[in-house]
Structures are given as structure tokens and as C-alpha cells.
Amino acid sequence: MKGIYSALLISFDEKGNLDEKGTRDIVRYNIDQMKVDGLYVGGSTGENFMISTEMKKRIFEIVKDEAKNDVKLIAQVGSINLYEAVELGKYATELGYDSLSAVTPFYYKFDFEEIKNYYMTIVNETNNNMIIYSIPFLTGVNMNVEQFGELLSHDKIIGIKFTAGDFYLLERVRKAFPNKLIYAGFDEMLLPAVALGVDGAIGSTYNVTGKIAREVFEATKSGDLQIARERQTYLNDIIEAILSNGLYQTIKEILKEKGVDAIGYCRLPMKKLSKEKIEKAKEIGKKYL
Ligand SMILES: CC(=O)N[C@H](C=O)[C@@H](O)[C@H](O)[C@H](O)CO
Ligand SMILES: CC(=O)C(=O)O
């Protein structure tokens with residue numbers, strides 16, 4: 001389960017309908033061109049928190065059908081509707097996903113006892129592996145080393161997707177749980193995370209930068225810091241340009257520019273790119289990728 005994972009983008013039409021053909025094409029591009037080790041399906045990047053349960057299921061189904069066993073597949077099933085999370089967890093488990101992942105429950109200020117019960121419920125009901133999805137800047141949920149430890153003490157809770165810039169916490173968690181999987185969540189901070197010993201990385205930009213991410217990953221692991229820094233700087237020039245133009249919309253336009261037959265809209269309330277920004281996205285793709 002180690003290595004580079006794309007947080008999969010999903011193709012939607014202008015009305016927000018799922019574009020199955022385009023989504024399959026994005027899966028293929030990630031596997032065949034970006035050579036990623038796996039796909040993280042139903043994450044933030046998959047616009048997961050803006051879609052219905054039925055659509056989530058359909059996405060899990062077509063991604064598995066397209067990817068088969070070519071790469072590892074992680075299904076993000078977390079939801080503050082725990083009943084939905086369990087239903088999706090069972091569904092993805094039956095489809096053969098290698099692991100589940102669940103975002104920490106957000107919006108209400110759940111206490112740790114509630115958070116723990118949330119993870120235990122999903123794990124016990126599905127009997128699949130679980131990767132905790134920690135992304136405090138969007139959820140407001142911060143966990144400390146002891147709390148991560150209480151969750152990770154369960155055999156089926158195999159790791160953490162750590163989307164934070166708190167490298168002290170990352171190092172403490174790494175030291176405390178050498179045998180669990182830790183994935184770096186911020187693409188722009190891949191190098192320092194790998195230097196601290198993460199097992200892999202899961203990110204949105206890897207849909208188009210997967211090969212560069214692998215260079216950063218490998219160079220850092222083998223101690224070629226000069227190369228690693230040069231590649232991270234190149235990656236960050238791309239990420240900076242993407243972030244200033246509209247994150248997911250811009251990556252979708254770059255995919256189209258690369259010949260992927262996807263549509264390119266995001267689900268409401270995410271906005272459409274202006275004509276200028278679409279042009280800018282294509283320029284980013286041409287210039288760097
Ligand atoms: C909210 C979100 O999309 N987070 C992603 C992973 O956790 C990242 O891959 C970022 O998109 C990326 O690092 C750009 O900031
Ligand atoms: C990793 C990330 O971007 C996601 O949750 O989609």
C-alpha cells in the first residue's frame with residue numbers, strides 16, 4: 001500500500017451529472033501515464049461532500065471496473081452521516097477496495113469518544129482496513145499523538161492520511177507507530193514529509209504531476225537532496241499556478257489539454273472557470289507538463 005496515490009478527480013457535466021466515460025479516462029490516465037501506485041477515490045478532490053450516496057456508489061463501481069487490479073484502491077467513505085459511511089464502506093468492501101478511509105467527522109464539535117466510536121463502527125461493520133483521513137484545515141478536527149494511537153491500536157486501522165503542515169506532530173506520530181502507514185497529504189510539502197519517513201503520498205495534483213511527485217519521493221528517500229529540492233520547486237511552481245487559478249477546475253482543464261476525454265465542470269456550489277482561466281489552465285499544462 002506504499003507509494004504515490006492520486007486523489008482521483010471525477011468528471012461531471014455542466015448540470016453536475018456524473019460523466020462515466022470521462023471518469024474512466026481520468027482513471028486510465030493516472031494508471032497508464034502518471035504511473036501512480038494507487039487511487040484515492042471519494043476524497044475532497046472527488047468533490048465527495050457535494051454528491052449523493054447513489055452517485056458515490058456509482059463512482060466506486062466504475063473506478064473499480066476500470067482499474068481492476070492494476071493499482072491499489074482506497075475508498076474514502078467518511079461522512080458526518082455515519083449511517084451513510086457504513087453503507088458506503090460495506091459497498092466498497094464488496095467491490096474489492098484494498099482499504100477504506102474516512103475523514104474525521106466534522107461540522108459539529110464531536111469529542112474524541114465520538115470520533116473513536118465513528119471509526120470503530122465503520123471498521124467493525126465492514127471488517128475492512130481503515131486509513132484515518134486527517135485534514136484539520138478543512139475539518140477543524142485536530143488529534144494528538146495519544147488520540148491517533150488509540151485509533152491505530154486497532155489492527156484494522158492501518159494508517160493515516162496526514163494533510164497538515166505540522167511536521168513536529170508528523171515526526172512524533174512516525175516515531176510512535178513505525179509499522180503503520182502514513183501518507184503525506186499536501187503535495188506542496190512532499191519533500192519534508194518524505195524526509196520524515198512517510199510511506200507514501202495522496203494528492204490532488206498527482207492526477208497531472210504524478211511522475212514529478214515520484215521523482216521527489218524517490219530522490220528524497222535516497223538522500224539526493226539537490227535533485228529532490230529541484231523537483232519539489234518545479235512541482236510547487238505548478239501547484240502555485242494551479243491554486244491561484246482554481247484547484248480542481250484547473251487540474252481538469254489540464255487533463256483535457258493532455259487528451260483526456262473528460263468534461264471539466266465541478267459540482268455546485270463550486271464555480272465554473274472563466275474563459276480566461278480556462279486559457280490559463282491550458283497554458284499551465286503546456287508550460288510545465
Ligand atoms: C483539500 C485537498 O484537495 N487536499 C489535498 C490532499 O489532501 C492536496 O492534494 C491538495 O489539493 C494539494 O496539496 C494542493 O494544495
Ligand atoms: C487527498 C485529497 O486531496 C483528497 O481527499 O481528495
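The values are calculated or read from the model by the stated rules, or taken from the named source; none is laboratory data. From a predicted model like this one, the values you see are computed outputs, not experimental measurements. Quick reminder, even Gly has a Cβ in these numbers, built from the backbone with ideal geometry, and neighbours come from all protein chains shown. Surface areas here come from the heavy atoms of the whole protein model, side chains and all, with no ligands, DNA or RNA. Shrake-Rupley method; radii C 1.70, N 1.55, O 1.52, S 1.80 Å.
Taking each pair of different alpha-carbon atoms in segment 111-186 once, compute 1/r for the pair, average those values, and report the inverse of that mean as the Kirkwood hydrodynamic radius in Å to one decimal. Don't jump to the answer; show the numbers that get you there.
On the way: mean 1/r = 0.0793 Å⁻¹.
Taking the inverse mean of 1/r over all distinct Cα pairs, segment 111-186 comes out at 12.6 Å.
Let me spell out the model: positive unit charges on the Cβ of Lys and Arg, negative unit charges on the Cβ of Asp and Glu, origin at the Cα centre of segment 212-261. What dipole size does that give, in debye rounded to 20? Could you put the intermediate results ahead of the total?
Values: 7 positive and 9 negative charges, 25 e Å.
Rounded to the nearest 20 debye, it is 120 debye.
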Query raised in the report: Where does the charge balance sit around GLN232 when Lys and Arg score +1, Asp and Glu -1, over other residues with C-beta under 11 Å from its C-beta?
Result: -3
Report summary line: Taking the dipole of the chain about the Cα centre (Lys, Arg +1; Asp, Glu -1; charges at Cβ), the one of LEU181, TYR83, ILE278 that reaches farthest to the positive side is ILE278
Query raised in the report: If you place +1 on the Cβ of every Lys and Arg and -1 on the Cβ of every Asp and Glu, how big does the dipole about the Cα centre of segment 120-270 come out, in debye to the nearest 20?
Result: 160 debye
Query raised in the report: How fast does segment 28-85 diffuse by Stokes-Einstein, in µm²/s, taking the Kirkwood radius from C-alpha pairs at 10 °C and 1.306 mPa s?
Result: 132 µm²/s
Query - From the C-alpha gyration tensor of the chain, square roots of 5λ in Å - result: 28, 24, 17
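For segment 1-65, which GluC sites (Glu not before Pro) are both in a DSSP coil and crowded by at most 13 other Cβ atoms within 10 Å?
GLU14
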Report summary line: Computed over segment 53-106, the relative contact order (Cα-Cα under 8 Å, seq sep at least six) in percent reads 43 percent
**Report entry** Low-density loop cleavage sites - chymotrypsin sites (Phe, Trp or Tyr not before Pro) in segment 50-148, where at most 12 other Cβ are within 10 Å (DSSP)
**Finding:** TYR107, TYR108
Report task. Mind jotting down the three principal axis lengths of segment 64-168 based on Cα atoms? Whole angstrom, largest first. Result -> 37, 29, 25
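What number comes out for accessible area per residue over segment 48-189 if the probe is 1.4 Å? Units Å², please. Write down the numbers at each step before the final one.
Values: 6400 Å² over 142 residues.
Each residue of segment 48-189 exposes 45 Å² on average to a 1.4 Å probe.
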Query raised in the report: For segment 149-172 and segment 183-262, what is the separation of their C-alpha centers, rounded to whole Å?
Result: 21 Å
Query raised in the report: Going by average Cβ neighbours within 10 Å, how do the peptides 257-268, 171-182 rank, with the highest at the top?
Result: 257-268, 171-182
Query raised in the report: If R0 is 30 Å, what FRET efficiency do you get for GLU188 and ASP13 from their C-beta distance, rounded to 0.05?
Result: 0.50
Query raised in the report: When Rg is the radius of gyration of the Cα atoms in segment 181-231 and Rh is its Kirkwood radius, what does Rg/Rh come to?
Result: 0.92
Query raised in the report: What fraction, in whole percent, of alpha-carbon pairs in segment 140-289 exceed 27 Å separation?
Result: 34 percent
Query raised in the report: Taking only C-alpha pairs under 8 Å that are 6+ residues apart, what is the relative contact order of segment 208-270 in percent?
Result: 25 percent
Query raised in the report: In the Gaussian network model of the chain, springs joining C-alpha atoms below 10 Å, which of SER153, SER204, SER99 carries the largest mean-square fluctuation?
Result: SER153
**Report entry** 222 nm mean residue ellipticity, helices alone, for the chain (DSSP H n ≥ 4; -39,500 (n - 2.57); rounded to 500)
**Finding:** -15500 deg cm²/dmol
